[in-house]
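Report on the following structure.
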Amino acid sequence: MRIRSIAIALACAGFLMSVLTPAQAWVRGDVDLFAVLPLGSTGPEGLVVGKDGNVYVTTFGFNSAGPVTGAGQLYVFDHNGKLIRHVSVAGSTSHLLGMGFHPTSNALLVIDFGAAKVLKVDPNSGASSVFMTVTTPPGNTGLNALTFDSSGNVYVSDSFNGIIWKTGPSGGVATAWVTDPLLTTVGTPPFGANGLGFNKAGNALFVANTGNDTVVKIPVIAGNPGTPAVFVNSINGADGIILDSKDNLWVVANQADEIVVLDTTARPSPSWATSTAWIRMACREGCCFPRASTSARTATSSTYRTCRSICGSSACPSRSTRNGPGRSSAIRSRGSRRAFRRLAKVTITTTISIS
């Protein structure tokens, strides 16, 4: 889920993606520090760039000292990373996740993971109202990420139940649009369906499955879902995703400290993601996920070598042993929440140069 990599470089890169040619999109740019949340903040989770160019960030309720109670927090930064505003989201739990501006109403929708609902939030005051609810009990529900179709319908992933919930542009009680075993997991981190997004034609929805290290493709015909199928395997901790204007699929791999880029217009073999087009965007001290221990810094032997070559031995000093495609025993023995409690400093990074 977006107890995701502290490197949430993916979303801000969307500024530039719409103008890239296919060839340009595969050239790795620099990753620089964008902003630092105030001291004592919990970890950044949801991130969206508004039409005003500002970056909106919600946080999940764990800091270096452990769980935090109270209302969830929303931070707003300008395009230079300067903090403009910080508000508490009224009526929410501390565990806020995915967010997005509705394409027609421009309302800011924020997932309250702790209460299993989606809130409509005033980004200036923090006032909120309930936008969407689901029929499963909060304790067994893992609402995680949201996206929209061209008609303004809202789709929300449920990491615990393998469901994609859907509601209309005005919200209300959601219906289970898709329920499928490919959207569940018995892996670690224990989050199934996660980031999601439609292609330009709107005839396919791509969904990351974090625990399974997969991206699932759901065909869409006249607004109705077809049979889900694995689009690609072995993206180590597939988490947040974005589809750019060329239908390239950018996937955060939160257990490998990578951003993987896939060409969705050609059907890749559901094997190693490295057999398709991919790039490493962010390997630097402070970006590894989780940061609980040195042994949790590596994902595969290739990741290990790349991380050491870029970041130095202090960033990835210990090598983990793979126990299967895309899996690291050292990483997957640690729950993301437990790792998150140990974080001492919360940062946001953004890709500012893609050439």
(request) Please find, among Pro38, Pro44, the residue that is of a type outside the set (S, T, N, Q), part of a loop (DSSP other than H, G, I, E, B) and either modelled with pLDDT under 95 or surrounded by 14 or more Cβ atoms within 10 Å (Cβ to Cβ) (or both). (result) Pro38
(message) Only one of Gly195, Gly171 is at pLDDT 95 or above, under 12 Å from Val216 (Cα atoms) and touching a strand residue (DSSP E or B) at 6+ places or on another chain (Cβ under 6 Å). Can you tell me which?
(response) Gly195
(request) Determine which single condition Ser88 fails, assuming it passes every other condition in (1) buried (at least 19 other Cβ atoms within 10 Å of the Cβ); (2) assigned to a strand (DSSP E or B); (3) of a type outside the set (A, V, I, L, M, F, W, C). (result) (1)
(message) Residue under question is Val121, and the condition is that it be farther than 23 Å from Thr185 by Cα, among the aliphatic types (A, V, I, L, M) and surrounded by fewer than 18 Cβ atoms within 10 Å (Cβ to Cβ); does it hold?
(response) no
(request) Hey, could you check region 61-76 for residues that are modelled with pLDDT under 95 and not in a loop (DSSP other than H, G, I, E, B) and say which is farthest from Ser129 (Cα to Cα)? (result) Gly66
(message) Restricting to region 139-162, name every residue that is assigned to a strand (DSSP E or B) and not hydrophobic (A, V, I, L, M, F, W, C).
(response) Asn144, Thr147, Tyr155, Ser157, Asp158
(request) Please identify the pairs in which a residue from region 160-187 that is on the phi > 0 side of the Ramachandran plot and surrounded by 19 or more Cβ atoms within 10 Å (Cβ to Cβ) has its Cβ atom under 7 Å from the Cβ atom of a residue that is hydroxyl-bearing (Ser, Thr, Tyr) and in a strand (DSSP E or B), counting only partners at least 6 apart or on another chain. (result) Gly162/Thr179
(request) Can you work out which of the residues in region 74-83 that are hydrophobic (A, V, I, L, M, F, W, C) and within 17 Å of Ala127 (Cα to Cα) is surrounded by the fewest Cβ atoms within 10 Å (Cβ to Cβ)? (result) Val76
(message) Can you tell me how many residues within region 200-226 are assigned to a loop (DSSP other than H, G, I, E, B), surrounded by fewer than 22 Cβ atoms within 10 Å (Cβ to Cβ) and in contact with a strand residue (DSSP E or B) (Cβ under 7 Å, 6 or more places away or on another chain)?
(response) 3
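Name every residue in region 124-155 that is within 18 Å of Pro190 (Cβ to Cβ) and crowded, with 20+ Cβ neighbours inside 10 Å, in order of residue number.
Thr141, Gly142, Leu143, Asn144, Ala145
The values are calculated or read from the model by the stated rules, or taken from the named source; none is laboratory data. These numbers were taken from a predicted model, which means no experiment stands behind them. So basically every Cβ, Gly included, is an ideal-geometry build from the backbone, and we count neighbours across all protein chains shown.
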